[in-house]
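Trainee: One structure, pasted below without further comment.
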Amino acid sequence: MTATGEELVAARGGPWWWDRRRGAVLDVGLAVASAVECGWEGVPFARETGIPASVGVVFGLLAGSVLLVRRKWPIAVVLVGVAVTPAAMGFLLGIVGLYSLAASEVPRRIIGSLAGMQLVGVLVVMSVRLRQDLATEDVDVGDWLVPFASITTALGMTAPPLLLGLYVGARRRLMESLRERADSLERELQLLAERAEERAEWARGEERTRIAREMHDVVAHRVSLMVVHAAALQAVARKDPEKAVRNAALVGDMGRQALTELREMLGVLRSGG
(Lines give C-alpha, C1' and ligand atoms only; values in the text may rest on other atoms or scores of the structure.)
Protein backbone atom coordinates (compact mmCIF):
# COMPACT_ATOMS: atom_id res chain seq x y z
CA MET A 1 0.00 0.00 0.00
CA THR A 2 1.45 3.35 -1.03
CA ALA A 3 0.95 6.56 0.95
CA THR A 4 -0.93 9.47 -0.53
CA GLY A 5 0.52 12.95 -0.92
CA GLU A 6 -1.32 14.26 2.14
CA GLU A 7 -0.03 11.35 4.25
CA LEU A 8 3.54 12.01 3.16
CA VAL A 9 3.17 15.72 3.97
CA ALA A 10 1.75 14.87 7.39
CA ALA A 11 4.56 12.39 8.03
CA ARG A 12 7.22 14.90 7.12
CA GLY A 13 5.75 17.67 9.25
CA GLY A 14 4.24 19.88 6.53
CA PRO A 15 4.92 21.06 2.98
CA TRP A 16 8.44 22.07 1.97
CA TRP A 17 7.59 25.76 1.67
CA TRP A 18 6.30 25.80 5.25
CA ASP A 19 9.56 24.27 6.54
CA ARG A 20 11.55 26.81 4.54
CA ARG A 21 9.44 29.66 5.92
CA ARG A 22 9.93 28.48 9.48
CA GLY A 23 13.68 28.15 8.86
CA ALA A 24 13.84 31.70 7.51
CA VAL A 25 11.94 33.06 10.52
CA LEU A 26 14.29 31.21 12.87
CA ASP A 27 17.37 32.53 11.06
CA VAL A 28 16.09 36.10 11.22
CA GLY A 29 15.29 35.76 14.92
CA LEU A 30 18.74 34.33 15.70
CA ALA A 31 20.43 37.01 13.62
CA VAL A 32 18.54 39.78 15.42
CA ALA A 33 19.35 38.32 18.85
CA SER A 34 23.01 37.90 17.90
CA ALA A 35 23.21 41.42 16.48
CA VAL A 36 21.71 42.89 19.66
CA GLU A 37 24.11 40.89 21.81
CA CYS A 38 27.17 41.85 19.78
CA GLY A 39 26.04 45.49 19.60
CA TRP A 40 25.65 45.57 23.36
CA GLU A 41 29.07 43.98 23.84
CA GLY A 42 30.54 46.46 21.36
CA VAL A 43 30.26 49.29 23.92
CA PRO A 44 32.85 47.89 26.39
CA PHE A 45 34.98 46.79 23.44
CA ALA A 46 34.99 50.35 22.11
CA ARG A 47 35.85 51.70 25.58
CA GLU A 48 38.77 49.28 25.94
CA THR A 49 40.16 50.00 22.48
CA GLY A 50 39.59 53.74 22.60
CA ILE A 51 37.31 53.97 19.57
CA PRO A 52 33.92 55.71 19.53
CA ALA A 53 31.12 53.72 21.09
CA SER A 54 29.01 54.05 17.94
CA VAL A 55 31.74 52.34 15.93
CA GLY A 56 31.84 49.47 18.40
CA VAL A 57 28.06 49.12 18.29
CA VAL A 58 27.96 49.13 14.49
CA PHE A 59 30.79 46.62 14.38
CA GLY A 60 28.91 44.35 16.77
CA LEU A 61 25.65 44.68 14.82
CA LEU A 62 27.37 43.76 11.57
CA ALA A 63 29.19 40.81 13.14
CA GLY A 64 26.08 39.44 14.83
CA SER A 65 23.88 39.72 11.74
CA VAL A 66 26.13 37.24 9.92
CA LEU A 67 23.86 34.50 11.31
CA LEU A 68 21.45 35.32 8.49
CA VAL A 69 23.65 33.26 6.13
CA ARG A 70 24.42 30.43 8.54
CA ARG A 71 22.73 27.81 6.33
CA LYS A 72 24.38 28.91 3.10
CA TRP A 73 27.86 29.84 4.34
CA PRO A 74 28.42 28.19 7.74
CA ILE A 75 32.20 28.36 7.35
CA ALA A 76 32.07 32.15 7.02
CA VAL A 77 29.87 32.41 10.12
CA VAL A 78 32.31 30.36 12.22
CA LEU A 79 35.28 32.37 10.94
CA VAL A 80 33.55 35.61 11.91
CA GLY A 81 32.78 34.13 15.32
CA VAL A 82 36.45 33.19 15.78
CA ALA A 83 37.52 36.64 14.60
CA VAL A 84 35.36 38.52 17.13
CA THR A 85 36.25 36.21 20.04
CA PRO A 86 39.16 38.44 21.21
CA ALA A 87 36.66 41.32 21.46
CA ALA A 88 34.64 39.30 24.00
CA MET A 89 31.55 39.32 21.82
CA GLY A 90 29.62 36.82 19.75
CA PHE A 91 28.62 34.26 22.38
CA LEU A 92 25.45 33.30 20.48
CA LEU A 93 27.21 33.75 17.14
CA GLY A 94 29.89 31.21 18.02
CA ILE A 95 27.50 28.59 19.39
CA VAL A 96 24.93 28.77 16.59
CA GLY A 97 27.61 29.09 13.91
CA LEU A 98 29.45 25.99 15.12
CA TYR A 99 26.17 24.06 15.34
CA SER A 100 25.24 25.08 11.77
CA LEU A 101 28.68 24.08 10.53
CA ALA A 102 28.55 20.66 12.21
CA ALA A 103 25.06 19.99 10.84
CA SER A 104 25.99 20.96 7.28
CA GLU A 105 27.51 18.89 4.48
CA VAL A 106 30.98 20.37 5.02
CA PRO A 107 33.75 17.72 5.21
CA ARG A 108 34.57 16.52 8.70
CA ARG A 109 38.19 17.66 8.54
CA ILE A 110 37.10 21.27 7.97
CA ILE A 111 34.55 21.01 10.79
CA GLY A 112 37.22 19.67 13.13
CA SER A 113 39.73 22.36 12.15
CA LEU A 114 37.30 25.24 12.67
CA ALA A 115 35.99 23.75 15.91
CA GLY A 116 39.57 23.48 17.14
CA MET A 117 40.22 27.11 16.18
CA GLN A 118 37.16 28.25 18.11
CA LEU A 119 38.11 26.10 21.10
CA VAL A 120 41.63 27.52 21.22
CA GLY A 121 40.36 31.08 20.70
CA VAL A 122 37.87 30.88 23.55
CA LEU A 123 40.45 29.17 25.76
CA VAL A 124 43.08 31.85 25.19
CA VAL A 125 40.67 34.78 25.54
CA MET A 126 39.11 33.40 28.72
CA SER A 127 42.52 32.68 30.25
CA VAL A 128 43.80 36.20 29.51
CA ARG A 129 40.65 37.94 30.70
CA LEU A 130 40.39 35.91 33.89
CA ARG A 131 44.00 36.70 34.76
CA GLN A 132 43.41 40.39 34.05
CA ASP A 133 40.26 40.46 36.18
CA LEU A 134 41.94 38.66 39.07
CA ALA A 135 44.94 40.97 38.87
CA THR A 136 42.71 44.05 38.81
CA GLU A 137 40.65 42.96 41.80
CA ASP A 138 43.75 41.71 43.62
CA VAL A 139 42.19 38.37 44.48
CA ASP A 140 44.47 35.57 45.56
CA VAL A 141 43.24 32.22 44.20
CA GLY A 142 44.90 28.96 43.39
CA ASP A 143 46.84 28.47 40.20
CA TRP A 144 44.36 25.83 39.10
CA LEU A 145 41.33 28.13 38.92
CA VAL A 146 42.20 30.02 35.74
CA PRO A 147 43.08 26.95 33.63
CA PHE A 148 40.08 25.05 34.98
CA ALA A 149 37.64 27.88 34.31
CA SER A 150 39.14 28.56 30.88
CA ILE A 151 39.03 24.93 29.77
CA THR A 152 35.52 24.42 31.17
CA THR A 153 34.18 27.53 29.42
CA ALA A 154 35.90 26.67 26.13
CA LEU A 155 34.57 23.12 26.18
CA GLY A 156 31.12 24.31 27.22
CA MET A 157 30.94 26.73 24.27
CA THR A 158 32.37 24.28 21.74
CA ALA A 159 31.54 20.66 22.54
CA PRO A 160 27.71 20.80 22.97
CA PRO A 161 26.94 22.69 19.71
CA LEU A 162 29.49 20.58 17.84
CA LEU A 163 28.09 17.25 19.04
CA LEU A 164 24.47 18.37 18.62
CA GLY A 165 25.17 19.59 15.09
CA LEU A 166 26.89 16.34 14.15
CA TYR A 167 23.93 14.38 15.52
CA VAL A 168 21.34 16.50 13.69
CA GLY A 169 23.30 16.34 10.44
CA ALA A 170 23.68 12.55 10.66
CA ARG A 171 19.99 12.15 11.49
CA ARG A 172 18.97 14.38 8.57
CA ARG A 173 21.15 12.41 6.16
CA LEU A 174 19.70 9.16 7.50
CA MET A 175 16.14 10.44 7.02
CA GLU A 176 16.95 11.57 3.48
CA SER A 177 18.46 8.18 2.71
CA LEU A 178 15.41 6.39 4.12
CA ARG A 179 13.11 8.69 2.17
CA GLU A 180 15.03 8.00 -1.05
CA ARG A 181 14.83 4.26 -0.38
CA ALA A 182 11.09 4.53 0.29
CA ASP A 183 10.59 6.47 -2.94
CA SER A 184 12.66 3.93 -4.85
CA LEU A 185 10.69 1.06 -3.32
CA GLU A 186 7.44 2.80 -4.19
CA ARG A 187 8.54 3.19 -7.80
CA GLU A 188 9.59 -0.45 -7.96
CA LEU A 189 6.25 -1.57 -6.51
CA GLN A 190 4.41 0.59 -9.01
CA LEU A 191 6.47 -0.89 -11.85
CA LEU A 192 5.81 -4.41 -10.59
CA ALA A 193 2.09 -3.65 -10.37
CA GLU A 194 2.08 -2.37 -13.94
CA ARG A 195 3.91 -5.48 -15.13
CA ALA A 196 1.51 -7.71 -13.20
CA GLU A 197 -1.42 -5.90 -14.80
CA GLU A 198 0.12 -6.41 -18.22
CA ARG A 199 0.68 -10.11 -17.53
CA ALA A 200 -2.89 -10.46 -16.24
CA GLU A 201 -4.23 -8.74 -19.36
CA TRP A 202 -2.16 -11.01 -21.56
CA ALA A 203 -3.38 -14.06 -19.62
CA ARG A 204 -6.99 -12.92 -19.98
CA GLY A 205 -6.49 -12.49 -23.72
CA GLU A 206 -4.93 -15.94 -24.01
CA GLU A 207 -7.79 -17.49 -22.02
CA ARG A 208 -10.42 -15.77 -24.18
CA THR A 209 -8.66 -17.06 -27.29
CA ARG A 210 -8.53 -20.61 -25.92
CA ILE A 211 -12.21 -20.58 -24.93
CA ALA A 212 -13.22 -19.15 -28.30
CA ARG A 213 -11.17 -21.81 -30.10
CA GLU A 214 -12.80 -24.60 -28.13
CA MET A 215 -16.30 -23.18 -28.68
CA HIS A 216 -15.50 -22.78 -32.35
CA ASP A 217 -14.66 -26.50 -32.52
CA VAL A 218 -17.92 -27.37 -30.74
CA VAL A 219 -19.99 -25.18 -33.06
CA ALA A 220 -18.22 -26.57 -36.11
CA HIS A 221 -18.93 -30.09 -34.87
CA ARG A 222 -22.64 -29.34 -34.43
CA VAL A 223 -22.84 -27.70 -37.86
CA SER A 224 -21.21 -30.82 -39.35
CA LEU A 225 -23.86 -32.97 -37.64
CA MET A 226 -26.56 -30.68 -39.02
CA VAL A 227 -25.19 -31.20 -42.52
CA VAL A 228 -25.15 -35.00 -42.04
CA HIS A 229 -28.73 -35.07 -40.66
CA ALA A 230 -29.92 -32.74 -43.42
CA ALA A 231 -28.55 -35.14 -46.02
CA ALA A 232 -30.18 -38.06 -44.23
CA LEU A 233 -33.43 -36.12 -44.04
CA GLN A 234 -33.30 -35.53 -47.77
CA ALA A 235 -32.75 -39.26 -48.37
CA VAL A 236 -35.60 -40.55 -46.19
CA ALA A 237 -38.11 -37.73 -46.70
CA ARG A 238 -40.14 -39.72 -49.27
CA LYS A 239 -39.62 -43.22 -47.90
CA ASP A 240 -40.28 -42.62 -44.18
CA PRO A 241 -42.04 -39.30 -43.40
CA GLU A 242 -42.07 -39.91 -39.62
CA LYS A 243 -38.34 -40.45 -39.51
CA ALA A 244 -37.94 -37.35 -41.67
CA VAL A 245 -39.94 -35.34 -39.13
CA ARG A 246 -37.75 -36.60 -36.29
CA ASN A 247 -34.61 -35.76 -38.25
CA ALA A 248 -35.97 -32.30 -39.01
CA ALA A 249 -36.66 -31.70 -35.31
CA LEU A 250 -33.15 -32.94 -34.47
CA VAL A 251 -31.64 -30.61 -37.07
CA GLY A 252 -33.63 -27.72 -35.56
CA ASP A 253 -32.39 -28.47 -32.07
CA MET A 254 -28.81 -28.67 -33.29
CA GLY A 255 -29.22 -25.38 -35.11
CA ARG A 256 -30.56 -23.66 -32.02
CA GLN A 257 -27.75 -25.07 -29.89
CA ALA A 258 -25.22 -24.00 -32.50
CA LEU A 259 -26.66 -20.46 -32.50
CA THR A 260 -26.58 -20.32 -28.70
CA GLU A 261 -22.96 -21.46 -28.56
CA LEU A 262 -22.06 -19.06 -31.35
CA ARG A 263 -23.53 -16.15 -29.37
CA GLU A 264 -21.56 -17.25 -26.27
CA MET A 265 -18.39 -17.44 -28.35
CA LEU A 266 -18.93 -13.94 -29.75
CA GLY A 267 -19.65 -12.66 -26.25
CA VAL A 268 -16.38 -14.10 -24.96
CA LEU A 269 -14.45 -12.55 -27.84
CA ARG A 270 -16.02 -9.11 -27.32
CA SER A 271 -15.80 -9.12 -23.52
CA GLY A 272 -12.87 -7.39 -21.82
CA GLY A 273 -13.30 -9.20 -18.49
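Trainee: Step through the residues of the stretch 223-229 one at a time and calculate ³J(HN,Hα) from phi using the Karplus curve (6.51 cos²θ - 1.76 cosθ + 1.60, θ = phi - 60°), rounding each to whole Hz and writing x for Gly and Pro.
Mentor: Couplings: 5, 4, 5, 4, 5, 4, 5 Hz.
Trainee: For the stretch 12-186, what does the accessible surface come to per residue with a 1.4 Å probe? Please give it in Å².
Mentor: On a per-residue basis, 60 Å².
The values are calculated or read from the model by the stated rules, or taken from the named source; none is laboratory data. Computed from a prediction, not measured in an experiment: that's the story for all the values here. Only protein heavy atoms, including side chains, enter the accessible area calculation; ligands, DNA and RNA are left aside. Shrake-Rupley method; radii C 1.70, N 1.55, O 1.52, S 1.80 Å.
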